[in-house]
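Undergrad: Handing you a structure now.
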Amino acid sequence: MFVEIIDLLRARRSIRAYEDRPVEHELLQQLLVAAMAAPSACNSQPWEFVVVTQPEILDRLRSKLLFARYNAPAAIAVCGNPSIAHNSVSRKFYWVQDCSAATQNILVAAAGLGLGAVWIGVYPLPSVIKPVREILALPEEVTPLALVYVGYPAETKPPSDRYEERRVYWEQYEPRKRRARHKNAKYE
Ligand SMILES: Cc1cc2nc3c(=O)[nH]c(=O)nc-3n(C[C@H](O)[C@H](O)[C@H](O)COP(=O)(O)O)c2cc1C
């Protein structure tokens, strides 16, 4: 069981090409169940989600977001809303982490359900937050953290293989290991 979970985590890749067919409502609902199973600081759950399947709204998002021009038939906006958070400390400090955990849960659940998905970064870039807020009619207290595009994949990718021993320290950090060179992150 444990190994299967690691396999699933490695199999999850960003999918940016989708089949021209909708995602069933039940599957979208499962993704939201997965999202809300995420941990959050003090169990604060400061999240809200906007599920978009209308082609006109998806088109508007695509037209405004440079790095989101993919043909997904659905998008889930993961939003933070401090005013509904269960805990005042986490409300102030942790909504980004909480919503990020929910976002990752959606991505992993999508992979497990045979769907493709990609995290489109929104927060903290004002130039991205603004159009998303406008298009989705988000009130002021609701901030979009990410869009997750979802659909049936029209591309396949190998599982990631990113384990690097040199990134790992046991018990205490060792400065001499800092010679590690960073790989350039790039879309692939
Ligand atoms: C915070 C964040 C923002 C991202 N924003 C975008 C984006 O705007 N557009 C995009 O195509 N991919 C985006 N990605 C996906 C990354 O490019 C992708 O996760 C990374 O290249 C690793 O590839 P993989 O997801 O296939 O393992 C984002 C990922 C994260 C975590």
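Undergrad: I'd like the residue in the stretch 1-47 that is among the hydroxyl-bearing types (Ser, Thr, Tyr) and away from the ligand (no atom under 16 Å from the Cβ) and, out of all such residues, is nearest to Ala85 (Cα to Cα).
TA: Ser44
Undergrad: Of the conditions (1) within 11 Å of the ligand (Cβ to nearest atom); (2) exposed (fewer than 15 other Cβ atoms within 10 Å of the Cβ); (3) polar (S, T, N, Q), Thr103 clears all except one; give me its number.
TA: Only one criterion in (1) within 11 Å of the ligand (Cβ to nearest atom); (2) exposed (fewer than 15 other Cβ atoms within 10 Å of the Cβ); (3) polar (S, T, N, Q) is unmet by Thr103, namely (2).
Undergrad: Among the residues of the stretch 50-66, is any at pLDDT below 95 and within 16 Å of the ligand (Cβ to nearest atom)?
TA: yes
Undergrad: Just to be sure, is Pro73 away from the ligand (no atom under 16 Å from the Cβ), under 17 Å from the mean Cα position of the chain (by Cα) and at pLDDT 95 or above?
TA: yes
The rows are residues; the columns are (1) surrounded by fewer than 16 Cβ atoms within 10 Å (Cβ to Cβ); (2) hydrophobic (A, V, I, L, M, F, W, C).
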{"position": "Arg133", "(1), (2)": "no, no"}
{"position": "Leu136", "(1), (2)": "no, yes"}
{"position": "Pro139", "(1), (2)": "yes, no"}
{"position": "Thr143", "(1), (2)": "no, no"}
{"position": "Ala146", "(1), (2)": "no, yes"}
{"position": "Lys157", "(1), (2)": "yes, no"}
{"position": "Asp161", "(1), (2)": "yes, no"}
{"position": "Arg167", "(1), (2)": "yes, no"}
{"position": "Trp170", "(1), (2)": "yes, yes"}
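The values are calculated or read from the model by the stated rules, or taken from the named source; none is laboratory data. Keep in mind that what you see is a predicted model, and the values were worked out from it rather than measured. Every residue, glycine among them, receives a Cβ derived from its backbone with ideal geometry; neighbour counts consider all protein chains shown.
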